[in-house]
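The values are calculated or read from the model by the stated rules, or taken from the named source; none is laboratory data. Fair warning: this is a prediction, and the values are worked out from it, not measured in the lab. When we count neighbours, we look across all protein chains shown, and the Cβ atoms used for this are built from the backbone with ideal geometry, even at glycine. Accessible surface areas use protein heavy atoms only, side chains included; no ligands, DNA or RNA. Shrake-Rupley method; radii C 1.70, N 1.55, O 1.52, S 1.80 Å.
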Amino acid sequence: MSRFSSTSSSSPSLTTYRSLRTGYWPLRTAGTFLDRSQKKKTATENAYKVLITSLPKPGGGEFGKYFSLTALNDKRVDKLPYSIKILLESAIRNCDNFQVTKENVEKIIDWEISSPTLVEIPFKPARVLLQDFAGVPAVVDLACMRDAMNSLGSDSNKINPLIPVDLVIDHSVQVDVTRSENAVKENMEIEFQRNKERFAFLKWGSTAFRNMLVVPPGSGIVHQVNLEYLGRVVFNSDGMLYPDSVVGTDSHTTMIDGLGVAGWGVGGIEAEAAMLGQPMSMVLPGVVGFKLSGKLKNGVTTTDLVLTATQMLRKHGVVGKFVEFYGDGMSELSLADRATIANMSTKYGATMGFFPVDHVTLQYLKLTGRSDETVSMVEAYLRANKMFIDYNEPQIERAYSSYLQLNLDEVEPCVSGPKRPHDRVPLKEMKADWHSCLDNKVGFKGFAVPKETQDKVAKFSFRGQPAELKHGSVVIAAITSCTNTSNPSAMLGAALVAKKASELGLQVKPWVKTRLAPGSGVATKYLLESGLQKYLNQQGFHIVGYGCTTCIGNSGDLDDSVAAAITDNDIVASAVLSGNRNFEGRVHALTRANYLASPPLVVAYALAGTVDIDFEKEPIGTGKDGKSVYFRDIWPASEEIAEVVQSCVLPEMFKSTYESITTGNPMWNDLLVPKTSLCSWDPNSTYIHEPPYFKGMTMDPPGPNGVKDAYCLLNFGDSITTDHISPAGNISKDSAAAKYLLERGVEQKHFNSYDSRRGNDEVMARGSFANIHIVNKLLKGEVGPKTVHIPTGEKLYVFDAAQKYKEAGQATIIIAGAEYGSGRSRDWAAKGPMLLGVKAVIAKSFERIHRSNLVGMGIIPLCFKDGEDADTLGLTGHERYTIKFPSKVSEIKPGQDVTVKTDTGKSFICKARFDTEVELAYFDHGGLLPYVIRNMIKQG
């Protein structure tokens, strides 16, 4: 038994939660920051203190003080995008001419001129958001840093978050209790049984570290809790007012952008540095202005709008940029609609999809239980600083880097798939598109099913009843994920579809695995208030819990008879989900086709039982009167949905849901944790393990080491995602991680998921590149988590091959194509390769967060020159690679060219993707965390 479940009990105090809820946190001064020459600097008083102004209350007195942007009296500020104004305010408020300089502030003010030059700026977010899957490794790392500082003779208690950290345990519902009225309770009990050690560790962290709040399991998914409860919009810290801003360890942190809070996903390592007072170094982004006009047509959902906007923005090219929405069409979008669009930012490639604060935002704050005084303060502050949009007043033309426009009238119903979120398919074209996918060669839009087998019917017995599957048959239908379950219109729309279908006598086939996982308990309340939950239950969509499910791969097992029918007949089965990711192999290993759709469409496709249907012409099924029932017969009108939302979504629901956070729940409160500041690592734990990141660490940085005679561990093509690199779902019984667990007495039924074991580096290293659908060119067509050990020619699991290289003292690299590391941000996608001994990744391009994570773990990211890749250069991956850097980091420039040489005589130029001076400092220290430790010790 873990030490985290046997000592004393501790629960978060009500006072702590109240201070969190109102946003009153003390401002703390961050430590000093060393430049690349490692000369210590000292901070000065704020260079812009003359801008501090009082904000009066309407009835007398004042809300507090604030840094007035209008007092700059600079016309350039008036034209800045609202999202850039948030960066500017942060820079001004934190300007000490040390971590943040007046030159940094001037670059932001001059954004229109400076942003195209890709200048570097520091940014200090107001807070950090963690979910439990990222929270466990974050707390592990903080505990390890304390140990490292202790071993180096320094005060280990210096390691504490210096800004508020909100850690939400959005327990991942991955079990098979679905078609049951008691699914939530049963799933919670199983989750606590499985994850008791992990939950207890996080509870220990909430008491061991200051400024860290842990929201107990069962409260909701992290992004929705952030939106409905944690988001401040405007902070009031000891009387100092400033905009809320947040970086989170999940890419869908961007959901908060819909509330007018600047937020985006970062790597866990980068988040930890921000927690410890380090400014985030970022390239001043360009901002795409996205003008919305018109109004969505009757029957068109926000999901249809999201998938349309995603395709437009992908085509436009917004990687590394902010997208800021504006225009008359904004008034037609609810806050939940905006949050749905913002949530999908990473799917269209932007850092943020930002919606400035207006009257819709204020209405939502009131709806979700924020006090009248808080809402009044938010409005007064933002108006005073000209960061509030009032559409009743003349609008100042903003300067944007580029422009897009969409008339909402033109949006039509659609889905996205079968393998990528930006492959939008209009609903009216779905049947034709599906048949083209069957015909096309294997790829993002193809399965290469021979013509003569496309009509195959697999007949089988399901629990004693005859059943059949065809290509396109739906076997998983899930209303899940934070993207849509934040939206009452979408959820109640799905319930109305279920109601109409039930009344007409339609029923989802029993072999279709159905589930409903809302983002928070509020959804349960308004579904019950409306009287519609019973119809979802009738169709099998029972509420299973409030966390990540199908979208993250926690689909659970299909019934054995269904699984056998698929595998024995090579059926291209389908999943339909209201999530945000549908990469191959993510939702379920047996669903090769996966479509993203609105919650109402998920119910419709579950009723149809197939994606091979033309909803305009073909019936969904036969009603109880023997007549055909069509899509139009069960689809609710927009007005019908709006009426239910208006009458059933009430402020009291939000208040009661989040008041329960202050008291926790019985299972959480019963967890016993030790009252110690240093972690007592349990060597027998398979959940929490001390990683070797700081083993042998000295006070002297190792310097900018290059790579000599490295072997290629893996050779990839395009679109290798973080799911390929570090799977999140269940641990396969045939994997290297499974072998490790079995050797330690863990039965297969208790393997749990990779996500749940992210606190154990031994499991996660073995899980690196363990995705069963990964394609490694070294295997010459074979698919799976293996590679070729070049010196011997052996075909081994990736972990075993990496161990052979490490034992021989041989470095390794990875070769990849475009968009390496796309998908969900995951720090283990960088930590795992580092533990395997990977020293560099050479790719055509990187996903933003993953590139940052690689740098943070000391792995060199290199990009091929435009027009070049491994194939054009004739690289097979059987070569040995040498990458040389200058011996002094001061001689390296961000983004400079580097020569890569092979033992076969080939030589080519790559761009070193250290994008900022700070990243080069991390490189010098062997990673971000060692850099922070050394600096903290040197500060005394």
Given (1) in contact with a Lys or Arg (Cβ under 9 Å, 6 or more places away or on another chain); (2) in a strand (DSSP E or B), VAL425 misses just (1)
Within the bounds of the range 709-724, is there any residue that is under 25 Å from ARG194 (Cα atoms) and either out of contact with any strand residue (DSSP E or B) (no Cβ under 9 Å at 6 or more places or on another chain) or among the aliphatic types (A, V, I, L, M) (or both)? yes
Within the range 458-469, the residues that are in a strand (DSSP E or B) and open to solvent by 60 Å² or more (accessible area, probe 1.4 Å) are LYS459, SER461, GLN465, PRO466, GLU468
Taking strands (runs of 3 or more DSSP E) that do not extend beyond the range 259-347, which have at least 1 residues that are over 17 Å from the mean Cα position of the chain (by Cα)? 280-283, 287-293, 322-326
ALA818 fails exactly one of (1) crowded, with 19+ Cβ neighbours inside 10 Å; (2) over 18 Å from ALA765 (Cβ atoms), namely (1)
Take the range 392-407 and flag every residue that is within 21 Å of GLU332 (Cα to Cα), surrounded by 13 or more Cβ atoms within 10 Å (Cβ to Cβ) and among the aliphatic types (A, V, I, L, M). LEU404, LEU406
Quick check: is even one residue across the range 373-391 crowded, with 18+ Cβ neighbours inside 10 Å and within 20 Å of the chain's Cα centre (by Cα)? no
Within the range 470-481, residues part of a loop (DSSP other than H, G, I, E, B) and at pLDDT 95 or above come out as HIS471, GLY472
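Quick one: is LEU714 surrounded by fewer than 18 Cβ atoms within 10 Å (Cβ to Cβ), hydrophobic (A, V, I, L, M, F, W, C) and modelled with pLDDT of 90 or more? Step through it out loud before you land on a result.
Working: surrounded by fewer than 18 Cβ atoms within 10 Å (Cβ to Cβ): no; hydrophobic (A, V, I, L, M, F, W, C): yes; modelled with pLDDT of 90 or more: yes.
No.
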Selection from the range 493-505 of residues that are farther than 11 Å from TYR535 by Cα and open to solvent by less than 10 Å² (accessible area, probe 1.4 Å): GLY493
Residue tally, condition more than 28 Å from GLU659 (Cα to Cα) and hydrophobic (A, V, I, L, M, F, W, C), over the range 371-387: 2
Taking the condition open to solvent by 20 Å² or more (accessible area, probe 1.4 Å) and under 30 Å from SER530 (Cα atoms), does TRP635 pass? yes
So, in the range 429-457, of the ones that are in a helix (DSSP H, G or I) and open to solvent by less than 20 Å² (accessible area, probe 1.4 Å), which residue ends up nearest to GLY258 (Cα to Cα)? MET430
Looking at this structure, is LYS831 basic (Lys, Arg) and either in contact with a Gly (Cβ under 7 Å, 6 or more places away or on another chain) or in a strand (DSSP E or B) (or both)? no
So VAL645 passes all but one of these: (1) open to solvent by 10 Å² or more (accessible area, probe 1.4 Å); (2) closer than 30 Å to SER753 by Cβ; (3) of a type in the set (A, V, I, L, M, F, W, C); (4) not in a loop (DSSP other than H, G, I, E, B). Which condition number does it fail? (2)
With the checklist (1) at pLDDT 90 or above; (2) open to solvent by less than 10 Å² (accessible area, probe 1.4 Å); (3) not charged (D, E, K, R) in hand, flag the one item GLY239 doesn't pass. (2)
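With the requirement that a residue be of a type outside the set (A, V, I, L, M, F, W, C) and either assigned to a loop (DSSP other than H, G, I, E, B) or modelled with pLDDT under 95 (or both), what does the range 400-420 give you?
TYR400, SER401, GLU412, PRO413, SER416, GLY417, PRO418, LYS419, ARG420
Take ASN195 and tell me if it is surrounded by 24 or more Cβ atoms within 10 Å (Cβ to Cβ), at pLDDT below 90, in contact with a His (Cβ under 9 Å, 6 or more places away or on another chain) and over 30 Å from LEU69 (Cα atoms).
No; evaluated as a whole, the condition is false for this residue.
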Name every residue in the range 145-164 that is over 16 Å from THR207 (Cα atoms) and open to solvent by less than 30 Å² (accessible area, probe 1.4 Å), in order of residue number. MET145, ALA148, MET149, SER154
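Condition check: in contact with a helix residue (DSSP H, G or I) (Cβ under 9 Å, 6 or more places away or on another chain) and either crowded, with 21+ Cβ neighbours inside 10 Å or modelled with pLDDT of 95 or more (or both). Does ILE725 satisfy that? Don't jump to the end; show me each part of the working.
Working: in contact with a helix residue (DSSP H, G or I) (Cβ under 9 Å, 6 or more places away or on another chain): yes; either crowded, with 21+ Cβ neighbours inside 10 Å or modelled with pLDDT of 95 or more (or both): yes.
Taking the combined requirement at face value, the residue satisfies it.
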Residue count, the range 203-232, condition outside any helix (DSSP H, G or I) and either more than 18 Å from ILE163 (Cα to Cα) or open to solvent by 10 Å² or more (accessible area, probe 1.4 Å) (or both), comes to 10
Check on ALA608, of a type outside the set (Ser, Thr, Tyr), open to solvent by 10 Å² or more (accessible area, probe 1.4 Å) and within 21 Å of PHE541 (Cβ to Cβ): yes
Subset of the range 733-780, residues within 20 Å of THR549 (Cα to Cα) and aromatic (Phe, Trp, Tyr), comes to PHE751, TYR754
With the checklist (1) under 18 Å from ALA490 (Cα atoms); (2) of a type outside the set (S, T, N, Q); (3) at pLDDT 95 or above; (4) not in a helix (DSSP H, G or I) in hand, flag the one item LYS534 doesn't pass. (4)
Of all residues in the range 562-576, how many are open to solvent by 30 Å² or more (accessible area, probe 1.4 Å) and either aliphatic (A, V, I, L, M) or assigned to a helix (DSSP H, G or I) (or both)? 4
So, in the range 834-868, how many residues would count as being under 18 Å from PHE583 (Cα atoms) and assigned to a loop (DSSP other than H, G, I, E, B)? 1
Pair list, Cβ under 7 Å, 6 or more apart: the range 616-641 residue touching a residue at least 24 places away in the same chain (Cβ under 8 Å) and farther than 19 Å from PRO599 by Cβ, other residue of a type in the set (Val, Ile, Thr) and open to solvent by 50 Å² or more (accessible area, probe 1.4 Å): VAL629/THR622
When you scan the range 470-477, do you find a residue that is touching a residue at least 24 places away in the same chain (Cβ under 8 Å), over 24 Å from ASN554 (Cβ atoms), surrounded by fewer than 20 Cβ atoms within 10 Å (Cβ to Cβ) and not small (Gly, Ala, Ser), even just one? yes
So which of ILE842, ILE909 ends up being closer than 17 Å to GLY706 by Cβ, touching a strand residue (DSSP E or B) at 6+ places or on another chain (Cβ under 6 Å), surrounded by 21 or more Cβ atoms within 10 Å (Cβ to Cβ) and not small (Gly, Ala, Ser)? ILE842
